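J.: Following this message is one structure expressed as structure tokens.
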Amino acid sequence: MKKAKKVLANYISDIQGGGLNDDGIYSDIPFSIREGLDDCIPYNNVVSNCLCAISTFNMRALVATFGTKNPDRSCMSIRFPIPSPNPDSIAAFVQKLKACGAICIDLDGEEWKVVPPGLSPRLNYGPTFTPIQLPVGAFAPKISGRMAEYETDGTVAIQRPKVAVESEPVAFSSIIVGDVVVSTINGIKTASVAGPGGCTGQLLKQDICLLANISPRHAIAYGSSIAAGNNAVEAVSKFVRKAPIKRRQDIIDCIKKLGNYPGIHCVGYKGESIKNIHELVS
């Protein structure tokens, strides 16, 4: 099936202040969609070849699966880019897709494989390549809980996603969850948070009745690690850690702090994603 060339006039990035202007707004982003399947959400047609595709990130989108009532799109799964992270705006687009015959709709968050260190002055971080030292053969307890301060994009309903974070190295995990303290009692290591929350905000030990289909927005730090005391020049393994982020306005600060930690090579980002978001929008 042919592809129709479309353009998103204004796209608001999750990374506010990291876009082409201080509002994080990118203009005239070209993309393609299956020809004849853009009637659910009207997009502007491409009227000029003088457009620059965005290669640094993938736009957030609603992925809609259609039923058999319309034979032209029966069982098709179509990706519809969404210009704004505002919950009301996303809900409005979900309603349009439901009215168009979509039977399942997922929110797929904005994705940056690597957030460029020089994307904006506010986001400037300095990658380093000294391997991060981790304890040898020691069990690293995790710090877990529900994000009490989490502010969702995809639905106006209150969400408290459950997260778990590795406690080692302590200085690094403290950036994510707050001041981490690791104790050993009767040979068993435990980890707790003694101070204010970091990227995640306050974590609560709750088994509350909330939907489990939400993946919170998070930064992803990449580096390399060696066993403590190992003086080898080459790193022995990859170091990858996710840092869930409580609010959009905290994204830049969190990425910058993670990127400036010694041993981190680069930082990626994934926006909030929700399976079956259509069930949350009435």
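J.: Taking square-rooted eigenvalues a ≥ b ≥ c of the alpha carbon gyration tensor, is the range 68-117 rounded, prolate or oblate, where a/c under 1.5 means rounded and, failing that, a/b exceeding b/c means prolate?
T.: Details: a/c = 3.86, a/b = 1.79, b/c = 2.16.
Taking the square roots of the gyration eigenvalues as a ≥ b ≥ c, the range 68-117 is oblate.
J.: What's the long-distance tail for the chain, i.e. % of Cα pairs beyond 23 Å?
T.: I get 59 percent for the Cα pairs in the chain exceeding 23 Å.
J.: Rank these by accessible area, largest first, 1.4 Å probe: Thr56, Thr184. Walk me through the intermediate numbers first.
T.: Working: Thr56 60, Thr184 90 Å².
Sorted descending by solvent-accessible area, the residues read Thr184, Thr56.
J.: Also: What is the Cα coordinate range of the range 30-172 on the first, second and third principal axes, sorted by size from largest, in whole angstrom?
T.: Per principal axis, max minus min of the Cα coordinates gives 59, 39, 28 Å.
J.: Given points 7 Å out from each Cα along the Cα-Cβ axis, report the Ala92 to Glu35 separation in nanometres with one decimal.
T.: Simple spin-label model gives 3.1 nm for this pair.
J.: Which residue, Ile188, Val165, Ile226, has the largest displacement toward the positive end of the dipole of the range 81-228 when charges sit on each Cβ (Lys, Arg +1; Asp, Glu -1)?
T.: So the residue we want is Ile188.
J.: Just to make sure I understand: if all protein chains stay in place, what is the order of Glu279, Glu272, Glu151 by accessible area at 1.4 Å, largest first?
T.: Ranked list, largest accessible area first: Glu279, Glu151, Glu272.
J.: Right, next: With unit charges on the beta carbon (Lys/Arg positive, Asp/Glu negative), name the residue among Val94, Gly67, Tyr125 whose Cα is farthest towards the positive pole of the charge dipole of the range 54-136.
T.: Checked the options; the winner is Gly67.
J.: What FRET efficiency, computed as 1/(1 + (r/R0)^6) with R0 = 51 Å and r the Cβ-Cβ distance, is obtained for Val7 and Lys205, rounded to the nearest 0.05?
T.: Working: r = 47 Å, r/R0 = 0.93.
With a Förster radius of 51 Å, E is 0.60.
J.: At a Förster radius of 45 Å, what calculated FRET efficiency corresponds to the Cβ-Cβ distance of Ser74 and Ser192, to the nearest 0.05?
T.: Details: r = 53 Å, r/R0 = 1.18.
According to the calculation, E is roughly 0.25.
J.: Another question about this same structure. Where nothing but the Cβ of Lys and Arg (+1) and of Asp and Glu (-1) is charged, how large is the charge dipole of the chain around its Cα centre, in debye to the nearest 20?
T.: 440 debye
J.: Next up: Could you put Glu149, Glu110, Glu168 in order of accessible surface area, largest first, with the 1.4 Å probe and the full protein assembly present?
T.: Heavy-atom accessible area, descending, gives Glu149, Glu168, Glu110.
J.: If you don't mind, another one. When DSSP assigns beta bridges and you keep just the ones with both residues in the chain, what percent turn out antiparallel, to the nearest 5?
T.: Approximately 95 percent, going by the DSSP bridge assignments.
J.: FRET efficiency for Ser84 and Lys142, Cβ-Cβ distance as r, R0 = 22 Å, nearest 0.05? Could you put the intermediate results ahead of the total?
T.: Values: r = 34 Å, r/R0 = 1.57.
Once rounded, the FRET efficiency stands at 0.05.
J.: As a quick test, which of the pairs Lys2/Lys96; Lys3/Lys96; Lys162/Lys275; Lys96/Lys205; Lys5/Lys257 have an alpha carbon distance above 27 angstrom in this structure?
T.: Among Lys2/Lys96; Lys3/Lys96; Lys162/Lys275; Lys96/Lys205; Lys5/Lys257, the Cα-Cα distance tops 27 Å for Lys96/Lys205; Lys5/Lys257.
J.: Relative contact order for the chain: what is it in percent, counting Cα pairs under 8 Å that are at least 6 residues apart?
T.: RCO, the chain: 21 percent.
The values are calculated or read from the model by the stated rules, or taken from the named source; none is laboratory data. Since the model is a prediction, treat every value here as computed from it, not as a measurement. All Cβ positions, even for glycine, are placed from backbone atoms using ideal geometry, and neighbour counts span all protein chains on display. The area values use the complete protein model at the heavy-atom level, side chains included, leaving out ligands, DNA and RNA. Shrake-Rupley method; radii C 1.70, N 1.55, O 1.52, S 1.80 Å.
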